Amino acid sequence: MSFWGIIKLAFISLGRNKMRSFLTALGIIIGVTSVVAMVAVGQGAYFSVQENISKMGTNLIMVMPGGGSRRGFHGPRGSVTTLTAEDADAIARDCPSVGAVSPIVRNSGQVVFGNRNWSTSIMGVNEHYLGIASREIVEGRYFSPTEIRGGHKVCVIGRTIVENLFGNLNPIGQIIRFKKMPMLVVGVIKERGETGMGGGDQDDLILMPFSVVQRRLMGITHVQMIHLSASSQEAVEPAKEEITQLLRRRHRIREGQDDDFDIRTQDDIAEMAGTTLTIIGLLLGAIASVSLLVGGIGIMNIMLVSVTERTREIGIRMAIGARTSDILYQFLVESVVLSCVGGVFGIFGGFGLAQIIGKFVEFSPVVSNTSIVISIAFSGAVGVFFGLYPAWKASQLDPIEAFRYE
């Protein structure tokens, strides 16, 4: 019998008991739906994080405190307080591959206006921060270098602060209080409209001269971080090397000693986040694949039942000239057809489930062509694997015994 003849016969055989065929394929449908949806969620999260990282700034480089070392024991990253505003000034002055630099200090607390209050974070920065972070002022103005040097209590705020403290009132020129310290609102930052890497609202933020936050709010002399931008994309790695050498000299770190600082670029952060999310996506897909195996076991079970029910039919076919291979291919094709049809419906189900999940998360799941092809191929492989034994068992029946079977 020809290949297409075997396929046609397989569809005829499956069509004799439509409900049983549907219920058998349902396990594959559920399995493929789960795999496609979970992989789509993983890929959507990956692309969302990568996009947010790309918007963090222009050729962004972050210098963070490293782990302290005492008596041979190394502390966690950020446990040392050796970074200073003078380090930031030295980087801007002595590193030719660096375009702009801003020291960073950050604190959290309640901001109050009238009878309204809101829990937020305040970031101390300098006049270069907006350019480094690729942000803009849409109302009012930014604070000036003179206000930064003079320690003026001025600030610019994000859209979330405006909505929760002022409503429809114009915030420019208003006085707000953060931990009882009054601050004059001079500007509003352009809305980002997306969440950050950690799920935080990038518009829930107050920017203020770093000297005020550092000394009056936090009472410290060091800075928690230094943000800077390289002069170009090609200058990122040279800038990283220049900063490393400069800070090692300034911090008097000897040859062979570990750095007391850590330097990360946007590419470093993207790579770390991408690796983590890829692993999570693979785990989600692997967990969802278990349901595919369960569906495959269901196919094997039904095909074994089908072989038993059609024993006499097999005997008649063999008696009129059907070869062993014809019987084998017929039952194997039935198994593969059940699995592939279930896979096709599962892809549509997975696409629909991904859209539903997208309504409850802050990113859009992505159903890629690769995941569709893999789902079809995997469901077909499940049909072959779990249908091979029933097909082999059917092909090995003794024609005489099969013909006499009641």
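Just so you know, all these numbers are worked out from the coordinates, no wet-lab data involved. Owing to the predicted nature of the structure, the values given are computational and were not obtained by experimental measurement. Here the Cβ is made from the backbone with ideal geometry for all residues, glycine too, and neighbour counts use every protein chain on show.
Ordered by the count of other Cβ atoms within 10 Å of each Cβ, fewest first, Y389, Y142 give Y389, Y142. All other residues whose Cβ lies under 11 angstrom from that of E86 are scored, Lys and Arg at +1 and Asp and Glu at -1, for a net of 0. Our estimate of slack between H222 and I320, defined as 0.36 nm per intervening residue step minus the Cα-Cα distance, is 26.1 nm. For the pair R106 and K190, label points projected 7 Å from Cα toward Cβ lie 2.2 nm apart. Sequentially through region 37-45, phi angles give Karplus couplings (6.51, -1.76, 1.60; θ = phi - 60°) of 5, 5, 5, 5, 5, x, 5, x, 5 Hz, Gly and Pro residues having no value and appearing as x. Each peptide in 158-164, 223-229, 173-179 gets a packing score, the mean of other Cβ atoms within 10 Å over its residues, and the list from highest to lowest is 223-229, 158-164, 173-179. Of K18, K153, K190, the residue with the greatest mean-square motion in the GNM of the chain, using alpha carbon springs below 10 Å, is K18. The length gained on full extension between E362 and T276, counted as 0.36 nm times the residue separation minus their Cα-Cα distance, comes to 29.1 nm. For a straight C-alpha distance cut-off of 26 angstrom, the lysines reachable from K179 (same-chain residues fewer than eight places away being disregarded) are K153, K190. Residue-wise HN-Hα couplings along region 330-338, as the Karplus relation 6.51 cos²θ - 1.76 cosθ + 1.60 with θ = phi - 60° gives them from phi, are 4, 6, 5, 5, 4, 5, 5, 4, 4 Hz; Gly and Pro carry x. Counting only Cβ charges, +1 for Lys and Arg and -1 for Asp and Glu, the dipole size of region 153-272 around its Cα centre is about 1080 debye. Among all the lysines, which ones have a C-alpha under 30 Å from K393's C-alpha, if same-chain residues fewer than 8 places away are not counted? Counting by Cα, and skipping residues close in sequence, K393 has these lysines nearby: K8, K18. Under a Gaussian network description of the chain, with springs only between Cα atoms under 10 Å, the residue in I28, I302, I12 that fluctuates furthest is I12. Placing R0 at 25 angstrom, the Cβ-Cβ distance between S231 and E136 gives a FRET efficiency of 0.75 after rounding to 0.05. M183 sits among other residues whose Cβ lies under 9 Å from its own Cβ, and their net charge, with Lys and Arg +1 and Asp and Glu -1, is +2. Under the combined filter of DSSP loop state and at most 14 neighbouring Cβ atoms within 10 Å, region 258-333 retains these trypsin sites (Lys or Arg not before Pro): R323. Comparing A354, A90, A25 in a Gaussian network model of the chain, where Cα atoms under 10 Å apart are tied by springs, the biggest mean-square fluctuation is seen for A90. For region 342-355, 3J(HN,Hα) computed residue by residue from phi via the Karplus equation (6.51, -1.76, 1.60; θ = phi - 60°) reads x, x, 5, 5, x, 5, 5, x, x, 4, x, 5, 4, 5 Hz, glycine and proline entered as x. Close amide H contacts of E139 (hydrogens built in the peptide plane, cut-off under 5 Å, sequence separation of 5 or more or a different chain): V188.
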